[in-house]
1. For the stretch 188-238, which residues satisfy the criterion of being of a type in the set (A, V, I, L, M, F, W, C) and assigned to a loop (DSSP other than H, G, I, E, B)?
2. Give the number of residues within the stretch 149-191 that are in contact with a Phe, Trp or Tyr (Cβ under 7 Å, 6 or more places away or on another chain), open to solvent by less than 20 Å² (accessible area, probe 1.4 Å) and free of Cβ contacts under 8 Å to residues at least 40 places away in the same chain.
3. When residues of the stretch 144-159 are filtered for being out of contact with any helix residue (DSSP H, G or I) (no Cβ under 8 Å at 6 or more places or on another chain) and under 22 Å from Leu63 (Cβ atoms), how many remain?
4. Find all pairs meeting these conditions: Cβ atoms under 8 angstrom apart; at least six residues apart or on different chains; first residue within the stretch 7-18 and aliphatic (A, V, I, L, M); second residue modelled with pLDDT under 80.
5. So in the stretch 146-160, with the set limited to residues that are outside any loop (DSSP other than H, G, I, E, B) and among the hydrophobic types (A, V, I, L, M, F, W, C), which one is modelled with the lowest pLDDT?
6. Out of the stretch 29-50, which residues are open to solvent by 70 Å² or more (accessible area, probe 1.4 Å), closer than 13 Å to Val62 by Cβ and at pLDDT below 90?
7. Does at least one position in the stretch 170-177 carry a residue that is more than 17 Å from Val86 (Cα to Cα) and under 23 Å from the mean Cα position of the chain (by Cα)?
Amino acid sequence: MYHRDSAPVSATARTLHSVVDLWSRDLENSWSDAESDASDAIDKLNEALEPGGDDFAAAQRVLSEPANRKSLIGLAVLHHARSVVVAVRQFSRQHGAGDGAETEAMIRTRWDDAQAYYKCGIVVSVLPRDASVALGAAPVFNTPSWGGPRAGASALFMMPVTPRVVIAGDRELPPDQFRIESDSTDRENRLRWQLAAEPGLFATPFLICEPSALEQTAETALALTEGTPVHWLGLRDRILLHHEATCEQRTAWRRLISDQENRQGWHDDPLTSNSMRAKHRRAMAANAREIQAALDSLGVDVCDCKKHRGEGRDATIAALWQALMPQAVCEAIRRKRNTASGRCAR
């Protein structure tokens, strides 16, 4: 959503998205049993739902084991606790990286808050074979963060565990119960909660999906995030790269940026009506399209990620940007753009 493009990227864990350096090795090691148990349960679910064995009865048997259900919930607790949200919230609060002790204290608080997940039954939703769910930087949709759960929407949390399988904690189900069901939710609604991240934060600046779903996912996600803060962050970075901009261009862009800042404030005001929020969103998207089209026509580089993470840059900004925007994503999209334009990658 920052680069406004998509590309295949290697799924190697530490090159794609790694935030382990935000906490101590001891704390990281303490999670290994939970990760291992969840991996075993997910492997069993996958095996039950494999082609030729797409058998809900087999999946029911996997889920009937209390240890398997507990390990899946434990994975959601873990991902909520150590989400990249921890780093972003800490950074936004004090404008600095803080020390490891404070980071770990925030993780433990989120861990304690998520213990309520174990008091739910779980619903396992299985998507059709030709559909998949995207993964974002904030992997768990935590409804208390949004003022929920609400009547008629009793899920306490939601989290994808495979491209086809999403688990949810349902407060209306006793902790020892579960159900497995086919999910026919349309792609746009599945994407919305991944794009939402947590209130008060940017929408996640990137999404991960299967290569076969890349084109459709990118088209939908980019349409949904047009004119959002992360889109405008990318545009501002690109504007600064265009050193040859005329006075007329800079004046026009400053006007659109000022309009965006005002509208974003009105949009976020809790007193603003939904109809006016929609109006501001449309205007911010139209302004973003105008600047983006101009920058594209001028051949301006797609991003300025090097400024954020390069050597000699502010260490705090570099650490945060590395967590928010994996370098592999930036490099893949820059290669794609440079190849299309005939330029050499820098």
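1. Scanning the stretch 188-238 gives Ala197, Leu201, Phe202, Ala203, Phe206, Cys209.
2. Going through the stretch 149-191 one residue at a time, the tally reaches 0.
3. 1
4. So the pair list comes out as Val9/Leu16.
5. Filtering the stretch 146-160 for residues outside any loop (DSSP other than H, G, I, E, B) gives 146, 150, 153, 155-160.
If we keep only those that are among the hydrophobic types (A, V, I, L, M, F, W, C) too, we end up with 146, 153, 155-159.
Working: Trp146: 84, Ala153: 78, Ala155: 90, Leu156: 93, Phe157: 94, Met158: 92, Met159: 92.
Checked the stretch 146-160; the qualifying residue modelled with the lowest pLDDT is Ala153.
6. Glu50
7. Among the residues of the stretch 170-177, at least one is more than 17 Å from Val86 (Cα to Cα) and under 23 Å from the mean Cα position of the chain (by Cα), which makes the answer yes.
This table checks each residue for (1) at pLDDT 70 or above; (2) in a helix (DSSP H, G or I); (3) out of contact with any Leu (no Cβ under 6 Å at 6 or more places or on another chain).
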residue: Lys307; (1), (2), (3): yes, yes, yes
residue: Arg313; (1), (2), (3): no, no, yes
residue: Thr316; (1), (2), (3): no, yes, yes
residue: Arg346; (1), (2), (3): no, no, yes
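The values are calculated or read from the model by the stated rules, or taken from the named source; none is laboratory data. These numbers were taken from a predicted model, which means no experiment stands behind them. For neighbour counting, all protein chains shown are included, and Cβ atoms are generated from backbone atoms with ideal geometry for every residue, glycine included. Side chains are part of the model used for accessible areas, which takes the heavy atoms of the whole protein and leaves out ligands, DNA and RNA. Shrake-Rupley method; radii C 1.70, N 1.55, O 1.52, S 1.80 Å.
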